[in-house]
Structures are given as structure tokens and as C-alpha cells.
Amino acid sequence: MDLFTVAAAITALSAVVIYFLLSQLTTQSSSWPKTKQPLAYIRKVMPKKRKFQMLHNSLDDFKPVGEAATVHDVAQLFARRGNEFSVYSIDWEQEVVVLIRPVDGVDLKAHPFFREAQRRKAAEVLCIPLERLQDVASAVADEVAHVQEIFIFMTGRCGSTLVTQFVEATSVAQAVSEPDVFSVISMALYRFKRSSQHGQTPSRHDCSTVLSNEESTIALLRNVVTLMNYSLVTSDPRHRDVIFYKFRHDVILLVDLMARAFPSAKTVFMYRNGMEVSDSFKRAFFQQSYVLYRAYRLAVSLGLGMLLSPPPDFRCFGDDPKFCTVRAYGSGPFYLATCWIGVMQCAADLQKKQPGYFFHAVIYYSALVNDKEKTFRLLMKKLGLRWSPEDPEEDTDKIEKALVTDSQAGTIASLKGRRPGEKWALDVSSRWIGQWEREIFEDVCRHGGNEITGPGFLLPDTIV
């Protein structure tokens with residue numbers, strides 16, 4: 001290796017380190033209370049400017065403005081104004097569910113990711129103590145008892161955002177893309193279980209005692225969805241009562257509890273070849289800079305992979321001791337592989353344990369690439385939803401736009417960095433995946449000790 005190459009590698013490596021440190025930088029101090037709050041309250045907020053949101057949504061995403069206003073009858077408030085607020089997160093220290101009211105006139109579902117739109121457009125927060133949540137949910141439960149929930153679980157980078165935007169364009173259903181509160185609950189429960197396994201007492205910062213009991217966790221999930229359903233149905237101009245919830249990949253860890261909480265819900269699983277998922281995540285994260293990615297690979301080879309590892313929701317599957325001797329253990333490529341395999345194994349197990357419930361539809365990425373409209377028609381049919389683009393109630397312009405635009409344009413998740421509304425095109429550039437990446441993936445598969453033998457594994461009854 002000549003001197004120029006070494007200098008370029010060191011420069012690029014430094015850039016990678018700075019990039020990761022900045023992207024994972026969080027606020028060191030907080031203006032929010034750190035003790036249990038006995039009463040609900042409303043407070044105006046100002047969103048903090050963050051280009052990269054690596055962590056889950058929390059109150060620390062906002063600067064409080066003015067004084068908090070105590071709400072003595074929060075159930076009555078929500079029954080009257082629930083359409084203004086959407087569930088955002090849970091603050092385990094205050095033991096409150098956090099809801100946000102966006103600035104006037106904003107459509108939160110216009111953004112590819114609901115969680116991101118909530119964070120950027122919040123004008124006010126409503127914090128409801130966990131112990132009062134049941135009262136609030138009960139006050140509006142009858143009005144949304146008829147709602148049909150459809151839950152989308154997925155591996156990531158598989159076309160799920162496109163599906164939610166297509167659904168949102170129809171007259172028969174609405175969709176929410178990645179509401180973060182379910183990941184907040186999933187990761188808190190994961191930390192609680194890990195602490196219990198190691199004989200440790202979880203800190204209040206990590207979770208609440210509500211998660212120590214399955215029945216109370218199920219009640220929490222039901223109440224959160226009830227509040228979400230109410231705000232979505234009452235704020236929707238067409239009051240559509242079929243709601244698709246597309247979750248982030250880690251929520252599959254909650255799936256058994258979700259099934260008990262919502263036995264009448266329908267389920268969908270979406271996935272893609274594991275190597276393609278890994279490649280797509282890397283391209284999005286490094287914003288198509290192969291130089292940065294090569295520098296990161298150098299960092300991994302120098303033993304710095306654990307320093308620059310992904311956020312917690314990507315690490316949860318790779319923390320299993322069975323993977324501790326895998327090549328490049330603790331690095332980003334390692335966690336991407338273990339995350340994909342972990343989600344896939346969960347999906348395979350669910351199909352076997354509850355074949356009538358998991359899954360009503362299973363979609364592979366290639367089906368969407370080959371024929372979006374045909375795949376959408378088949379998905380809706382499998383879910384028992386009557387839909388046709390020729391129906392006079394359908395807005396053909398909206399549907400056509402959903403079919404041709406880049407569903408993630410305008411976000412860092414878009415591979416091409418397209419502006420909102422730009423058309424989607426299949427990425428035909430050369431892959432970043434080489435022998436090094438394949439060996440890591442194969443090693444993870446070998447250590448997995450399950451049926452997921454490789455990145456091309458297909459689940460039964462998959463629409464391909």
C-alpha cells in the first residue's frame with residue numbers, strides 16, 4: 001500500500017469516526033422532570049434540530065416552552081380533543097405516555113415516516129401517567145371498537161414504506177409508517193428481560209414495572225393502540241376504519257404479546273434477500289459514499305467495529321451469546337446480518353406456531369419490483385379487503401403517484417437522496433457486497449443454529 005493510499009484511508013477513517021460520533025450524539029442535559037408524574041399535563045415544545053435521529057423518540061427531542069398546564073380530567077380532554085394528539089413515545093422516568101399535537105395544518109402521514117414527522121412538527125406534548133392510561137382508553141374505546149388493525153412486520157429495506165403510502169392513497173384503508181412507541185416498548189421489554197436474566201434490577205430510566213407482568217404489558221399495548229386508533233379515525237377526513245400499522249423490525253420481539261392483545265388483527269410480513277438488505281442499509285447510512293464505507297471496513301479490521309456499532313434496535317438479536325465467536329463480532333455488518341436472521345427466524349417460528357394468524361400475507365421484495373399493482377391487489381385480496389383502482393371512489397391520481405414515486409424520497413433512507421415526489425427507479429449500480437461481507441453473513445448463519453441457512457431463504461406461501 002503506497003503512502004497516498006494510506007493517507008487517504010486515514011482521512012476517510014477519521015471522517016467515518018466523526019460521522020458516527022455526530023450521528024449518535026445525544027443531548028447531555030434535559031429540561032424535563034426525571035421523576036414520576038402523578039397528573040397529566042400539557043406543555044408547548046420546540047423540536048430540537050437534528051439531522052440524524054439514531055435513538056428512539058423521547059421527550060428529549062424537544063425543548064419545553066413556558067410552563068406546564070396540569071390536566072385534572074385527561075380522559076375528558078382526550079374524548080374531546082383526541083383527534084389533535086398522536087402517541088409519540090413513553091417516558092419511563094416520568095412514567096407517562098407522551099403524545100404530540102403538531103403545528104396546525106400539518107399532515108403527519110405525508111412524511112414517509114410517522115415518527116419523524118411527529119418529531120419535526122410537534123407544537124405541544126400531552127403526557128398521560130401510565131396509571132391513568134386505562135381511564136383515557138376506556139373513554140374512547142367504544143368509538144373505535146369496530147376498527148380493523150393490520151400489522152406489518154418486516155426486515156427493513158423491503159418495500160414496506162411503499163405499501164403504506166399506497167394504502168394511504170386508497171379509500172378503503174389508512175396507514176401509519178413506523179410509529180415509534182411500539183419500538184420504545186419493545187426495546188424496554190428487551191432490556192428488562194436481559195437484566196432479569198443476569199440477575200440485575202432494571203433502572204427506571206430503562207422501563208417501568210408495568211413491563212414486569214405480561215398482562216399489564218398487554219393492557220399497555222391495547223391502550224396505546226386504542227388512543228392511536230381514535231386519533232387516526234377521528235382526524236381522517238374519510239374516517240377510514242381499517243388501519244395498517246407498519247412497525248420497525250425490532251417490534252417482532254413483541255409479536256406474541258401483540259397477538260394476545262389483538263387476536264382479531266391481521267398480519268403481514270415483508271422481507272428481502274439478506275445480503276440485499278445489508279447492502280441497502282449501508283448505502284443509505286453512508287449516503288452512497290463507498291469511500292466512507294471502505295474506511296469503515298478498515299476500522300472494523302483494526303478492531304474498532306464495536307466502537308462504531310449501530311443503535312440498540314439493530315443490536316438486540318446479535319447480543320445472543322451463540323454469536324460471540326462470529327467474524328467481525330460487534331461491527332455494523334455483523335449486527336445487520338444477525339438482525340435480518342433474527343427477524344426471519346421469528347417469522348418462521350410464528351408461521352409454525354400459529355399458521356392461522358401468522359401471516360395472512362407474506363411479500364418478498366421482488367414481487368413489488370416486478371409488478372407493484374398486481375402485488376397490491378393480491379395483498380388486499382389476502383387481507384379480505386375489497387379494493388379496485390377502477391372504483392369511482394378511488395383517487396386515481398393519488399394511486400398513480402404512490403406507484404411511481406420514491407416512497408422514501410426526502411429522507412436519509414432514500415438511496416438516491418431524491419427530493420419528495422421524485423420518481424423511483426431500480427438501483428442498478430454495482431453492489432458493495434463482496435467476499436468479506438458474504439463470509440460474515442455465512443458465519444452468522446452457521447452460528448444461528450436454525451433453519452435460516454442463507455440470505456436467500458424463502459418462507460412458505462411467499463408472494464414473489
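The values are calculated or read from the model by the stated rules, or taken from the named source; none is laboratory data. As the structure is a computational prediction, the values presented were derived from the model and not from experiment. Heads up, the Cβs are rebuilt from the backbone with ideal geometry, glycines too, and the neighbour counts pull from every protein chain shown.
Residues in the stretch 399-406: is at least one part of a loop (DSSP other than H, G, I, E, B) and in contact with a Pro (Cβ under 6 Å, 6 or more places away or on another chain)? No, because not a single residue in the stretch 399-406 is part of a loop (DSSP other than H, G, I, E, B) and in contact with a Pro (Cβ under 6 Å, 6 or more places away or on another chain). Among the residues of the stretch 256-271, is there at least one that is assigned to a helix (DSSP H, G or I), touching a Gly at 6+ places or on another chain (Cβ under 9 Å) and crowded, with 22+ Cβ neighbours inside 10 Å? No, that holds for no residue. In the stretch 206-219, the condition of being in a strand (DSSP E or B) and β-branched (V, I, T) is met by no residue. How do the pairs read when you match residues in the stretch 63-82 that are within 20 Å of R120 (Cα to Cα) with residues anywhere that are part of a loop (DSSP other than H, G, I, E, B), using Cβ under 6 Å and keeping only pairs 6 or more apart or on different chains? Listed by first residue and then by second, the contacts come to P64/S31. Count of the stretch 360-381 residues, restricted to those that are assigned to a helix (DSSP H, G or I), under 16 Å from M270 (Cβ atoms) and in contact (Cβ under 8 Å) with a residue 24 or more places away in the chain, is 11. Here D349 fits the description: in a helix (DSSP H, G or I), surrounded by fewer than 19 Cβ atoms within 10 Å (Cβ to Cβ) and not hydrophobic (A, V, I, L, M, F, W, C). Of the helices (runs of 4 or more DSSP H) lying entirely inside the stretch 91-192, those containing at least 3 residues that are β-branched (V, I, T) are 160-169.
A quick yes/no check of all residues on (1) of a type in the set (K, R); (2) closer than 18 Å to T164 by Cβ; (3) at pLDDT 95 or above:
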site: I243; (1), (2), (3): no, yes, yes
site: R260; (1), (2), (3): yes, no, yes
site: V268; (1), (2), (3): no, yes, yes
site: Q288; (1), (2), (3): no, no, no
site: V291; (1), (2), (3): no, no, no
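Looking at the stretch 233-255 only, could you name the residues that are within 18 Å of K352 (Cα to Cα) and either surrounded by fewer than 20 Cβ atoms within 10 Å (Cβ to Cβ) or touching a strand residue (DSSP E or B) at 6+ places or on another chain (Cβ under 6 Å) (or both)? Correct list: I252 only. Residues in the stretch 440-464 that are among the hydrophobic types (A, V, I, L, M, F, W, C) and out of contact with any Ser or Thr (no Cβ under 9 Å at 6 or more places or on another chain): 4 in all. Put simply, of M270, M275 the only residue that is more than 25 Å from L211 (Cβ to Cβ), touching a Pro at 6+ places or on another chain (Cβ under 7 Å) and hydrophobic (A, V, I, L, M, F, W, C) is M275.
For the stretch 407-441, enumerate the residues that are buried (at least 16 other Cβ atoms within 10 Å of the Cβ), more than 24 Å from the chain's Cα centre (by Cα) and not in a loop (DSSP other than H, G, I, E, B). Result: E437, I440.
For the stretch 85-107, the set of residues classified as crowded, with 22+ Cβ neighbours inside 10 Å and within 13 Å of S177 (Cβ to Cβ) consists of S86 only.
Of C324, C316, all but one fail to be out of contact with any Pro (no Cβ under 9 Å at 6 or more places or on another chain), over 20 Å from N273 (Cβ atoms), surrounded by fewer than 18 Cβ atoms within 10 Å (Cβ to Cβ) and not basic (K, R); the exception is C324. Residues in the stretch 108-124 that are more than 21 Å from the chain's Cα centre (by Cα) and surrounded by 19 or more Cβ atoms within 10 Å (Cβ to Cβ): there are none. Could you identify the single residue in D60, D73 that is in the same structural domain as S186 (by TED's automatic domain parsing), over 26 Å from the mean Cα position of the chain (by Cα) and surrounded by fewer than 18 Cβ atoms within 10 Å (Cβ to Cβ)? Going through D60, D73 in turn, just one is in the same structural domain as S186 (by TED's automatic domain parsing), over 26 Å from the mean Cα position of the chain (by Cα) and surrounded by fewer than 18 Cβ atoms within 10 Å (Cβ to Cβ): D73. Note on the stretch 382-398: residues that are part of a helix (DSSP H, G or I) and assigned by TED's automatic domain parsing to the domain that holds D279 amount to 1. Picking from residues in the stretch 321-343 that are part of a loop (DSSP other than H, G, I, E, B) and of a type in the set (A, V, I, L, M, F, W, C), the one that is modelled with the lowest pLDDT is A328.
For Y230, the requirement of being surrounded by 22 or more Cβ atoms within 10 Å (Cβ to Cβ), hydroxyl-bearing (S, T, Y) and assigned by TED's automatic domain parsing to the domain that holds L189 is met. Which condition number does G318 fail, the rest of (1) on the phi > 0 side of the Ramachandran plot; (2) at pLDDT 90 or above being met? All conditions pass for G318, except number (1). Across the stretch 372-391, the qualifying residues are those that are of a type in the set (D, E) and over 25 Å from the mean Cα position of the chain (by Cα), and the one among them that is surrounded by the most Cβ atoms within 10 Å (Cβ to Cβ) is D391.
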